[in-house]
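The values are calculated or read from the model by the stated rules, or taken from the named source; none is laboratory data. Just so we're clear, the structure is a prediction, and the values are computed from it rather than from any experiment. A quick note on method: Cβ atoms are made from the backbone with ideal geometry, for glycine too, and the neighbour counts reach across all protein chains shown.
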Amino acid sequence: MPHATGRVDAAHAVVFAPLEDLGRAELVQQRLTDAIVSGVLRDGERLPSESELSRSLGVAVVTAREALEGMRDQGLVRTRRGRDGGSFVTYDRDAASRLLESRLRGHSRIELRDLSLMVRAIAGTAAEIAADRASDDDIESLVAIDEQADLSTAGGARRAVSRFQLEIAAISQSPRLVHEEIRMQSEAGPLLWLCLRDQEYRDRSALARAEVIAAVRAVDPAGARAATVAHLTSAFGWLIDQRARLEADDQSIRREEAGR
């Protein structure tokens, strides 16, 4: 199968992939909001028109319109009329952080661990198969993605992770794995890669890519799977710890308020 999935802007491919639960403006709004707060859609970036958005996501135009209206109410999008008009991302780092942390609070430890199992199963299997099937051109593509990674920001690191994992899925030559990788990135990516706020984890992501590339080059399926799973396990560990920190902060605030 062609590998364009990874070589185009893979992160955007995930954002604008068709929704499985059709017809709900809330799902469209959540998909786009997640992309904004995780840095995939950048401040000032022009969004597709309502008709383009409806086609790419597989929803009605009125659904796309309702989603954009909700995002305008949240201050995440502004719309400009005229020849150079359209809907543009307005990114507020503090507001974005609060939105994601609110979502994290809504997930239990059990839900996060279950999500971790699914993500590791899909990405690990894709890496294992890719190591057995990759051509020299495929390896060059992975190296190019790694070399082009921008680790100076969380958004840049997130885009690199997305592109790399989607390219690995494409190299596996399994349309189902590509589909599942896109679905899981849409569902889990914004939360999972919160750890990329920290430079330490951005550096870890680069190290993980190097290990996967080395395993693919050596035709080492077990090594490719192990490096992928270890990277994801580390990210989920950070996420569970962060949820515990947020919970402790919330309890501290409630105690202070009760003592007043």
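Some observations on this one:
- Any chance residue 168 is crowded, with 22+ Cβ neighbours inside 10 Å and either outside the structural domain of residue 31 (by TED's automatic domain parsing) or among the basic types (Lys, Arg) (or both): yes
- Qualifying residue in the stretch 179-188 (condition: surrounded by 21 or more Cβ atoms within 10 Å (Cβ to Cβ), in contact with an Asp or Glu (Cβ under 7 Å, 6 or more places away or on another chain) and at pLDDT below 90): no
- Residues of the stretch 37-73 classified as surrounded by 15 or more Cβ atoms within 10 Å (Cβ to Cβ) and either modelled with pLDDT under 85 or in a strand (DSSP E or B) (or both), total: 5
- The set of residues in the stretch 42-64 being at positive phi and out of contact with any Leu (no Cβ under 9 Å at 6 or more places or on another chain) consists of 44 alone.
- Counted as qualifying within the stretch 130-215 are no helices (runs of 4 or more DSSP H), as none has 3 or more residues that are at positive phi and over 19 Å from the mean Cα position of the chain (by Cα).
- Any hit, the stretch 133-155, residues being modelled with pLDDT under 90 and surrounded by 18 or more Cβ atoms within 10 Å (Cβ to Cβ): yes
- Every listed requirement among (1) out of contact with any helix residue (DSSP H, G or I) (no Cβ under 7 Å at 6 or more places or on another chain); (2) within 25 Å of residue 16 (Cα to Cα); (3) in contact (Cβ under 8 Å) with a residue 40 or more places away in the chain is met by residue 185 save one, (1).
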